[in-house]
Amino acid sequence: MDILRQTGYLLKKEILLEWRSKYAFNGVLLYIVSTVFVCYISFNLSPGFNTSNSYPVVWNVLFWIIILFAAVNAIAKSFLQESRSRLLYYYTIASPQAVILSKTIYNALLMTLLSVLALIVYVLFFNNTVGDAWFYFLSVLVGSVTFATTFTMVSAIAAKAGNGGTLMAILSFPVIIPVILLLVKVSKSAMDGVDRSFTYGNFGILATINIMVIGVSLLLFPYLWRD
């Protein structure tokens, strides 16, 4: 119960800090809108190119590329931006499990909100041919949570190991590639209107990845926390 209470307090702190500064939210939202707009202008300058009708795969893949880089910008600095004095303060008032859980939950909430806004902006700029809109929306939510759990764990490791930016890229690559492949496959099935029962297995794999990443974070972070 102490861990849950500490997690609640730390999560509230993260939300309040973001609400006051809005640094991560505004920065990533600006990135999403500007990227979608640049893609829209670029495609309109290419005669005969239509991302929604002629190239639905491009429509889908381009969206996930935007979300991936938005996740990196929003979550990668979860621990890298924390000062040593603040981490020392956390060390005295909370357990390491509460710290990593609060960061993961906060990043999942932030990434979910940004992904929904990105999807809205993306649909406004590009016409889409999504056959199963609700299932596509579900894949976006699951993808947002998966990005949040994965990048939060990697950010924690990179921050403690030093040389965070380089190590962040090295550690993220082998983990995020299979996630991206699964998300593209699931969302493409939703675009094609494929029967949902054929994609339940992929959602199960994504759920397993989330559970494994959170479990590894809870087991590994206390050892990193002591250094």
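Please count how many residues of segment 180-211 are closer than 21 Å to Leu62 by Cβ and out of contact with any Leu (no Cβ under 7 Å at 6 or more places or on another chain). Lay out the reasoning, then the answer.
Of the residues in segment 180-211, the ones closer than 21 Å to Leu62 by Cβ are 180-194, 199, 202, 206.
Among the residues that remain, those that are also out of contact with any Leu (no Cβ under 7 Å at 6 or more places or on another chain) are: 181, 183-194, 199.
Looking only at that region, the number is 14.
Looking at this structure, is Leu219 without any contact (Cβ under 8 Å) to a residue 40 or more places away in the chain, more than 15 Å from the chain's Cα centre (by Cα) and over 22 Å from Val58 (Cβ atoms)? Give the steps one after another, and end with the answer.
Values: without any contact (Cβ under 8 Å) to a residue 40 or more places away in the chain: yes; more than 15 Å from the chain's Cα centre (by Cα): yes; over 22 Å from Val58 (Cβ atoms): yes.
Judged against the criteria, Leu219 is a match.
Which one of these is closer than 18 Å to Leu62 by Cα and at pLDDT below 85: Gly131, Gly164?
Values: Gly164 fails: closer than 18 Å to Leu62 by Cα.
Answer to the check: Gly131.
Pick from segment 144-158 the residues that are of a type outside the set (A, V, I, L, M, F, W, C) and in contact with a Lys or Arg (Cβ under 9 Å, 6 or more places away or on another chain): which of them is farthest from Tyr106 (Cα to Cα)? Steps first, please.
Taking segment 144-158 as the starting set, the residues that turn out to be of a type outside the set (A, V, I, L, M, F, W, C) are 144, 146, 149-150, 152, 155.
Restricting the remaining residues to those that are in contact with a Lys or Arg (Cβ under 9 Å, 6 or more places away or on another chain) gives 152, 155.
Numbers: Thr152: 10, Ser155: 14 Å.
Residue satisfying both the conditions and the ranking: Ser155.
Considering segment 177-213 alone, what residues qualify as being among the hydroxyl-bearing types (Ser, Thr, Tyr) and over 17 Å from Phe137 (Cα atoms)?
Correct list: Thr208 only.
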Fill in: Pairs with Cβ under 9 Å, 6+ apart, first in segment 187-211 and at negative phi, second charged (D, E, K, R) and buried (at least 17 other Cβ atoms within 10 Å of the Cβ)
Ser189/Asp132; Ala190/Asp132; Met191/Asp132; Asp192/Asp132; Val194/Asp132; Val194/Lys188; Arg196/Asp132
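Residue-by-condition table, conditions (1) at pLDDT 75 or above; (2) under 17 Å from the mean Cα position of the chain (by Cα):
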| residue | (1), (2) |
| --- | --- |
| Leu4 | yes, no |
| Tyr55 | no, no |
| Ile65 | yes, yes |
| Ala70 | yes, yes |
| Asn73 | yes, yes |
| Tyr91 | no, no |
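Of Thr199, Thr152, Thr146, which residue is surrounded by 19 or more Cβ atoms within 10 Å (Cβ to Cβ) and farther than 29 Å from Asn26 by Cα?
Going through Thr199, Thr152, Thr146 in turn, the sole match is Thr199.
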Worksheet item: Can Thr104 be described as assigned to a helix (DSSP H, G or I) and closer than 17 Å to Phe69 by Cβ?
Response: no
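The values are calculated or read from the model by the stated rules, or taken from the named source; none is laboratory data. No experiment lies behind these values; they were computed from the predicted model shown. Using ideal geometry, Cβ is built from the backbone for each residue, glycine included, and neighbour counts are taken over all protein chains shown.
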